[in-house]
Each structure stands twice: as structure tokens, then as C-alpha cells.
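The values are calculated or read from the model by the stated rules, or taken from the named source; none is laboratory data. Fair warning: this is a prediction, and the values are worked out from it, not measured in the lab. Backbone-built Cβ (ideal geometry, glycine too); neighbour counts: all protein chains shown. Accessible surface areas use protein heavy atoms only, side chains included; no ligands, DNA or RNA. Shrake-Rupley method; radii C 1.70, N 1.55, O 1.52, S 1.80 Å.
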Amino acid sequence: MVIRKKPTAKRSVEHLHHFHCGSCGKWWSIGDAPARRTVWSCPWCGAKEKYPVRKK
Ligand SMILES: [Zn+2]
């Protein structure tokens, strides 16, 4: 008899960071993006830009 492990239900909180590209004007998002990282490449047009860290 094969005992199959039942999948466990999971829940997690995701901090979604929204970026607005200054070159193509499109929005894109990264879940749980490292807060200290400021330089990102736009997945739409590939432009590498500095995104300032938003202060609360
Ligand atoms: Zn872009």
C-alpha cells in the first residue's frame, strides 16, 4: 500500500511592488521585491532604470 502525503494548505503574504517604467510608460510588478534594490530592468522594453525607494 502506498501512502500518499496529503497536500497541505498554505497561506502567505506577498508584498507586491509596482514599477512604472519611465521609458515605455508601462506598469510591471514584482512580488516580495528586495526593498534595498533600486535598479531594475523593465520587462516590457528592457530599459534599466533607477527606482527610488518609497518612504512611508
Ligand atoms: Zn519599459
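General remarks:
- For the chain: lysine pairs under 25 Å (alpha-carbon distance), excluding those fewer than 8 apart on one chain: 5
- 1.4 Å probe accessible area per residue over the chain, in Å²: 101
- Lys/Arg +1, Asp/Glu -1 at C-beta; the chain dipole; positive extreme among 21, 51, 3: 3
- Cα centre as origin, Lys/Arg/Asp/Glu Cβ charges: the chain dipole, Debye: 340
- Surface share of carbon and sulfur [accessible, 1.4 angstrom probe, percent] for region 1-55: 54
- Taken one residue at a time, the phi angles of region 37-42 give Karplus couplings (6.51, -1.76, 1.60, θ = phi - 60°) of 6, 10, 9, 9, 9, 5 Hz. Gly and Pro are set to x.
- For the pair residue 15 and residue 45, the difference between a 0.36 nm per residue extended length and the Cα-Cα distance amounts to 8.4 nm.
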